[in-house]
Amino acid sequence: MARKGFLKEDNKDDNIDWSKLDTNLQAGGGLKSKASIFAGRLFSIVKLIVGLCFLSFVYSGSVGFLKELGLIEPLLRRYFWSGIISFTLIYLFIFEPARIYQKGQKLLGLIFKFFAPLVKVAPYVLPIYTIIIFSLYPLFLWIFNSKEPAVTNYFIFLGGFSWALHLIFSAKSLRSRQGDFLKANYIFGFSLVYIINLILIAICLSLIIKDFSFIHFFDGSFQAAKNIFKAIFKQIFIPA
């Protein structure tokens, strides 16, 4: 009899409504999925707010950079803008040198492969070709005579050309990412990339052009950004 009772209990287990159990499991998974989506959206909103704050540094940095650039020799300034405009025209009307950009990303990946987080970030943040070009400048001065102005002109042109290449393709890569809620990743990511690249190109120019001061650029940009935040704070929190 005990055996029959045991068999009867087994039959009860076999009669479980598995469809309801699957529904409950799916409901639990759905709740986790919804929580994950909500957390992702919330994080995107935070990134959007931070990215909008970065825009003040984008503006102030650009103004400070253009101010310092206006102090250098007109010929050098023309070569720098010629490099930027030349790449932009090539990109828009001739072809997109995406493979050149990708080669640079792979090179940075190899350089920073020992530190995984930098492998993902460095290709967007560091303008590898611009860094290489300005690193070679002292060598070319030594080879072709330090008094030859054409060497500096060509390097300024190549610096502007490579800088434009990096910014345009970084912007395109960040913009093409899927699932970018409210474009938060793009606004945050490219604003940060632009600010860092602006600082790097200012350092490079200050090293080879005596009239370009990185200290003046950085101080002027920081003060301008601080004034923007002060004005916004007064408008929001201090009644008229």
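Summary table
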read-out: From ASN185, ASN197, residue being at pLDDT 90 or above, at negative phi and of a type outside the set (D, E, K, R); value: ASN197
read-out: Odd one out for GLN102 among (1) at pLDDT 85 or above; (2) surrounded by 15 or more Cβ atoms within 10 Å (Cβ to Cβ); (3) over 14 Å from the mean Cα position of the chain (by Cα); (4) not aromatic (Phe, Trp, Tyr); value: (2)
read-out: Residue satisfying all of: in the range 88-106; hydrophobic (A, V, I, L, M, F, W, C) and touching a residue at least 12 places away in the same chain (Cβ under 8 Å); farthest from LEU174 (Cα to Cα) among these; value: ILE100
read-out: Top-ranked residue in the range 115-129 [being touching a residue at least 12 places away in the same chain (Cβ under 8 Å) and not small (Gly, Ala, Ser); ranked as surrounded by the most Cβ atoms within 10 Å (Cβ to Cβ)]; value: PRO127
read-out: Within the range 197-240, considering residues that are among the aliphatic types (A, V, I, L, M) and outside any helix (DSSP H, G or I), the one nearest to PRO123 (Cα to Cα); value: ILE209
read-out: Selection from the range 53-68 of residues that are within 24 Å of ILE133 (Cα to Cα) and under 23 Å from the mean Cα position of the chain (by Cα); value: GLY61, SER62, GLY64, PHE65, LEU66
read-out: Criterion: among the β-branched types (Val, Ile, Thr), under 20 Å from the mean Cα position of the chain (by Cα), within 25 Å of ASP211 (Cβ to Cβ) and surrounded by 15 or more Cβ atoms within 10 Å (Cβ to Cβ) - qualifying residue of ILE72, ILE132, ILE84; value: ILE84
read-out: TRP142 being more than 21 Å from the chain's Cα centre (by Cα) and either under 24 Å from LYS103 (Cβ atoms) or without any contact (Cβ under 8 Å) to a residue 12 or more places away in the chain (or both); value: yes
read-out: Among residues of the range 200-214, those that are surrounded by fewer than 20 Cβ atoms within 10 Å (Cβ to Cβ), in contact with a Ser or Thr (Cβ under 9 Å, 6 or more places away or on another chain) and among the aliphatic types (A, V, I, L, M), counted; value: 3
read-out: Residue in the range 215-222 that is within 16 Å of ALA164 (Cβ to Cβ) and of a type outside the set (Phe, Trp, Tyr) present; value: no
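Yes/no per residue for (1) free of Cβ contacts under 8 Å to residues at least 60 places away in the same chain; (2) within 18 Å of ILE156 (Cα to Cα); (3) of a type outside the set (A, V, I, L, M):
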site	(1), (2), (3)
ARG41	no, no, yes
ILE45	no, no, no
ILE49	yes, no, no
SER56	no, no, yes
LYS67	no, yes, yes
GLY70	yes, yes, yes
SER86	no, yes, yes
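The values are calculated or read from the model by the stated rules, or taken from the named source; none is laboratory data. Keep in mind that what you see is a predicted model, and the values were worked out from it rather than measured. Here the Cβ is made from the backbone with ideal geometry for all residues, glycine too, and neighbour counts use every protein chain on show.
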